[in-house]
Each structure stands twice: as C-alpha cells, then as structure tokens.
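The values are calculated or read from the model by the stated rules, or taken from the named source; none is laboratory data. Keep in mind that this is a model prediction, so the values were computed, not measured. Don't worry about glycine lacking a Cβ; one is built from the backbone with ideal geometry, like all the others, and counts go over all protein chains shown. Keep in mind that these areas ignore ligands, DNA and RNA; they rest on the heavy atoms of the full protein, side chains included. Shrake-Rupley method; radii C 1.70, N 1.55, O 1.52, S 1.80 Å.
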Amino acid sequence: MNMIVTIAAREFKSLFLSPLAWTILAILQFILAFLFLTQVENFTLLQPQLATMENAPSLTDITVTPLFGNAAIILLLVSPLLTMRLICEERRNKTLTLLLSAPLSNAEIIIGKYLGSLGLLATIVALITLMPLSLLIGGTLDFGKLFANVLALLLLSGAFAAIGLFMSCLANHPTVAAMSAFGAMFVLWILDWSAGLADKPSGLFQYLSILRHFQAIQSGLLATSDVSYFLLFISLFLLLSVRRLDKERLQK
Amino acid sequence: MTTLISAKQLTRYYGKHCAVNNVSFELEKGQIIGFLGVNGAGKTTTLQMLCGNLAPNSGEIVINGFDMQTDPKAAKRSLGYVPDTPPLYKDLSVQEFLRYCAQLHGVPKADIAAAVTLAETRCGLIEVSERLIGNLSKGYQQRIGIAQAIVHNPDVIILDEPTVGLDPLQIIEIRNLIRELGQAHGVIFSTHILSEVQELCTDVLMIRQGEIVLKARIAELPAEKSLEALFIDLMQVQQ
C-alpha cells in the first residue's frame with residue numbers, strides 16, 4: 001500500500017514538472033468556462049418562459065448537465081495525452097528497470113501509476129465542479145444532480161485512465177499509445193449510435209456503450225448496473241496491464 | 001560465509017538463440033566477482049536475470065536465501081542493480097531521485113535523509129545534490145546510477161559496466177567504492193577492462209557464447225599467465 005502511494009505521488013508530481021499538465025488544465029478550463037457561460041446565458045434568456053411552464057427544467061438541468069457532457073467529450077480527447085507516457089516512456093528511457101528491480105509487485109506499479117494519473121483527472125473534475133458551484137451566489141442548485149454528474153465524470157475519467165494505461169503498457173511509442181487509447185475509447189463511445197441504426201437495437205452494443213452508462217448516471221438515476229459497469233471496466237484494464245507487465249520479464 | 005547469490009543452471013533463450021546456457025555460480029559475502037566476456041556473450045542477460053528483470057527459461061536464482069521466482073519481493077530487497085544504461089528520471093534533482101529510490105526500496109521514513117546523504121557522499125554527488133539529473137554530465141549520471149543502487153544498503157550489488165564513460169579519476173574513485181562495498185557486501189560486476197578485474201576482484205567469471213568457461217579465484221590463477229593472455233586464449237578457442 002505504501003509503495004502504491006509512493007509511486008502515485010511521484011507520478012502525480014512528475015506530471016506537473018512538465019508543462020503538459022499545466023497546459024491541459026488551463027486550456028480545458030478556458031474552453032469549459034466558455035461553454036458554461038453560454039449555458040448560463042441560455043438560462044437567463046429562457047427564464048421568463050420557464051417560469052410559466054409546469055415541470056420546467058431547473059437551473060441544474062440547463063447548466064450542469066451540458067457542462068459535464070461537454071467535459072466528457074473533451075476528456076475523451078485529452079486523457080490519452082495524460083496516460084500515454086505512463087509505462088511506455090519508462091520503457092523507452094530504460095527507467096522501467098528501476099521499478100522492476102525494486103521490491104515491488106507488478107500490481108503495485110500499475111495501481112500506483114493509475115492512481116497518479118487519476119489524481120490529475122480528479123483535479124480536472126474538481127475544477128470543473130467549481131463552475132456550477134459559483135452559481136450559488138445568485139441561485140440554488142440541485143445538489144443530488146450535481147453529485148450524480150460529478151460521480152459520472154469521475155467514473156468516466158477512471159475508465160479512460162485505465163484503458164490509456166493499458167495502451168501505454170502495450171505500445172512502444174507514446175503517440176501510438178495515445179492513438180490506440182483514443183481509438184478504443186471513441187469506439188466505445190459511438191457503439192451506441194450503431195446500435196440505433198438497425199431496426200432493432202443490439203442489446204450487447206447498448207450494454208457496452210460507455211456513453212449510455214455515463215448519461216444514465218448523469219441523469220441522476222444512480223443504478224448499481226451503471227456504476228458496476230465502470231468498476232468492471234477499470235478492473236479489467238488494470239488486470240490486463242498487470243498481465244502485460246508480467247510478460248515484460250518473459251520476453252524481450 | 002553466507003551465500004548471497006546462488007544461480008543454478010540458468011538458461012535463457014531469445015527466440016531460438018540461446019543467450020545464456022546452463023550458467024551456475026555462487027557469490028559469497030566479501031567476494032567481488034568480475035564478469036568478463038566479449039560483446040554479446042550473455043553478460044547483461046545473466047545480470048538481468050539475477051535482478052529479476054528477465055525470467056530465465058530454466059534454472060534457479062536464490063538471493064540471500066530468497067528464491068527470485070517464488071519470493072521476488074524479498075529477494076529484490078537485498079539487491080542493488082546498476083544497469084548498463086542508468087535508470088534516471090531526468091526531470092528530478094539528484095536528491096529527489098535518490099529519495100524516491102530509497103522509498104521504493106522500503107527504507108524507513110526516518111532513515112531516508114541519512115541514507116540519501118550517505119549514498120551521495122560515497123559517490124561524490126554532494127555538490128550536485130540540488131541539480132537536475134538531465135543537466136549533469138554522463139560521468140555524474142553514471143555515479144547517480146551507482147548511488148541509486150546502494151542507497152538502501154543492499155547485501156548484493158550488481159553492476160553492469162559501471163566504469164564506462166568515466167574519466168580516469170572517477171574510475172579510480174568508483175573502483176575504491178566497489179572495493180569498499182565488497183568488504184561488507186557481495187559485488188558482481190561486468191566489465192571489459194581486464195586490469196580492473198585483476199586489481200579489484202577476488203574472483204573472476206568468464207562467459208563465452210552463453211557458457212561459463214572460467215570460474216576461479218584471482219589468487220589461484222596461474223602466475224605465469226596474465227589475465228589478458230588467459231582471456232584471449234579462452235575467447236579464441238571457439239573461433
């Protein structure tokens with residue numbers, strides 16, 4: 001456990017030693033703030049009509065849900081850049097030897113690396129959450145729904161980090177890792193669309209689609225099946241990463 | 001005498017090519033083994049197997065009483081390894097890096113600062129302690145590689161060509177360091193410099209095409225033949 005924390009802390013700090021993490025945080029924050037502002041603007045425009053409607057969507061529905069939906073798409077693009085170097089770069093720089101000859105199990109290495117990159121993604125989610133919280137100055141929020149959105153985005157970034165880490169274990173070059181991770185995530189993202197194309201939707205594809213589970217949690221319906229989908233997803237790719245690292249010793 | 005490394009019948013294939021064939025030897029406390037062989041003879045492969053970086057196809061490695069296959073964590077705890085390319089994080093300072101290495105090897109929190117300072121002193125890194133590793137010369141980087149391997153005070157130290165890229169003064173310092181380490185620990189290192197083995201080691205191990213061709217105490221080598229002549233003889237037999 002101690003070792004996992006050591007590796008995770010090192011990984012988290014290393015991300016901030018290069019301009020990459022700072023750049024990503026700054027640009028993400030700028031784009032999302034802009035989109036968030038548009039939603040708030042929308043709300044003020046719609047407010048007179050909303051007042052007359054029954055069961056009108058609340059401030060939370062109009063601002064928070066689209067914000068987290070947009071954030072998910074942007075994380076889809078950005079998270080491969082954060083995870084691509086995790087194992088791949090260590091292997092290229094021959095620093096993996098340091099971890100492999102230290103008294104660590106491969107699971108500790110993988111989980112440490114995973115938590116380190118997840119730390120940055122969680123920071124991003126926390127910064128995004130600050131935006132709707134700023135609305136409390138002049139309005140009220142549905143905290144249950146906000147929580148559901150935060151949880152959905154956290155689970156989603158957890159899944160992205162896991163798949164990115166696995167690709168980083170496989171690939172020999174960071175860009176290859178980033179591209180493969182993006183490809184895999186994107187396919188899972190759009191799987192749902194193809195399910196809608198045929199006359200009757202494919203149950204399997206619907207279940208596999210990451211977007212469907214994300215939106216289900218986002219809507220505020222917290223179902224065990226959706227949460228466990230993400231947890232299974234994360235465990236599967238962490239397990240595959242550990243297996244891949246085991247193979248490092250067998251073949252070269 | 002405590003046996004620190006016991007390697008039995010190690011064999012390793014890369015595809016169909018047999019890189020290491022049936023290598024067995026032992027390292028005891030107080031011994032310094034010089035590991036000689038031409039390029040591609042299997043030195044690095046053997047050392048990598050000893051450190052658990054590479055799994056042998058067959059054979060057994062016991063480090064300080066712990067089997068590398070069944071109890072790798074305990075075995076690796078007694079190991080310090082300097083690979084041929086020192087594993088350095090270039091964006092860390094020397095001190096940060098050594099601190100991290102000490103943590104990874106499970107040095108207790110209270111002892112880390114002292115362990116790092118000791119390793120820095122031994123390898124002559126005190127004056128560059130605060131500098132970024134990436135900005136230091138190759139000689140310094142090589143020394144950081146060695147410091148990284150001794151920071152947790154391991155019983156066994158394995159060095160893969162430790163004196164490559166060092167200036168003559170640094171080579172002498174590193175040799176003195178190895179000699180000092182050899183008194184309380186067991187050291188095995190590979191090298192191409194025969195005189196280094198002659199003056200530094202207690203034992204010599206020669207490997208040719210993956211097979212051990214000579215295993216002897218330096219003191220027991222025939223006096224009339226120099227190590228160099230012996231090496232050339234042994235290596236030329238197969239050609």
Q | The listed residue being farther than 23 Å from A:ALA184 by Cα, in contact with a strand residue (DSSP E or B) (Cβ under 6 Å, 6 or more places away or on another chain) and not hydrophobic (A, V, I, L, M, F, W, C), out of A:SER58, A:SER101, A:SER18 | A | A:SER101
(Q) Condition first: over 20 Å from the mean Cα position of the chain (by Cα), open to solvent by 10 Å² or more (accessible area, probe 1.4 Å) and more than 10 Å from chain A (Cβ to nearest Cβ). Can you find one or more residues in segment B:32-43 that meet it? (A) no
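Do we find a residue being open to solvent by less than 20 Å² (accessible area, probe 1.4 Å) and touching a Phe, Trp or Tyr at 6+ places or on another chain (Cβ under 8 Å) anywhere in segment B:212-233?
The answer is no, given that none of the residues of segment B:212-233 is open to solvent by less than 20 Å² (accessible area, probe 1.4 Å) and touching a Phe, Trp or Tyr at 6+ places or on another chain (Cβ under 8 Å).
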(Q) Taking the condition of being surrounded by 11 or more Cβ atoms within 10 Å (Cβ to Cβ), more than 14 Å from chain B (Cβ to nearest Cβ) and farther than 15 Å from A:THR123 by Cβ, how many residues in segment A:16-33 meet it? (A) 2
Q.
within 14 Å of chain A (Cβ to nearest Cβ) and either surrounded by fewer than 22 Cβ atoms within 10 Å (Cβ to Cβ) or under 26 Å from B:VAL197 (Cβ atoms) (or both): is that true of B:ASP155 in this structure?
A. yes
Q.
Only one of A:ALA33, A:ALA72, A:ALA56 is small (Gly, Ala, Ser) and closer than 30 Å to A:ILE87 by Cα. Can you tell me which?
A. A:ALA72
Q.
I'd like to check something: does segment B:7-24 contain any residue that is within 14 Å of another protein chain (Cβ to nearest Cβ), buried (at least 23 other Cβ atoms within 10 Å of the Cβ), touching a residue at least 12 places away in the same chain (Cβ under 8 Å) and of a type outside the set (A, V, I, L, M)?
A. yes
Q.
For segment B:67-83, which positions are part of a helix (DSSP H, G or I) and within 14 Å of B:SER6 (Cβ to Cβ)?
A. B:ALA75
Q: Run A:VAL125 past the list (1) open to solvent by 40 Å² or more (accessible area, probe 1.4 Å); (2) closer than 30 Å to A:THR6 by Cα and report the number of the one that doesn't hold.
A: (1)
Q.
Condition first: hydrophobic (A, V, I, L, M, F, W, C), under 17 Å from A:LEU135 (Cα atoms) and open to solvent by less than 90 Å² (accessible area, probe 1.4 Å). Now tell me which residues in segment A:34-55 satisfy that.
A. A:LEU35, A:PHE36, A:VAL40, A:PHE43, A:LEU46
Q: Specify the residue that is farthest from the other protein chains (Cβ to nearest Cβ); the eligible residues are those in segment B:112-151 that are of a type in the set (Lys, Arg) and in a helix (DSSP H, G or I).
A: B:ARG122
Q. Restricting to segment B:56-110, what's the tally of residues that are more than 8 Å from chain A (Cβ to nearest Cβ), charged (D, E, K, R), touching a residue at least 12 places away in the same chain (Cβ under 8 Å) and farther than 17 Å from A:GLU90 by Cβ?
A. 2
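Please work out if A:LEU156 is out of contact with any Ser or Thr (no Cβ under 8 Å at 6 or more places or on another chain), loosely packed, with under 15 Cβ neighbours inside 10 Å and modelled with pLDDT of 95 or more.
Numbers: out of contact with any Ser or Thr (no Cβ under 8 Å at 6 or more places or on another chain): yes; loosely packed, with under 15 Cβ neighbours inside 10 Å: no; modelled with pLDDT of 95 or more: yes.
Spelling it out, it is not the case that A:LEU156 is out of contact with any Ser or Thr (no Cβ under 8 Å at 6 or more places or on another chain), loosely packed, with under 15 Cβ neighbours inside 10 Å and modelled with pLDDT of 95 or more.
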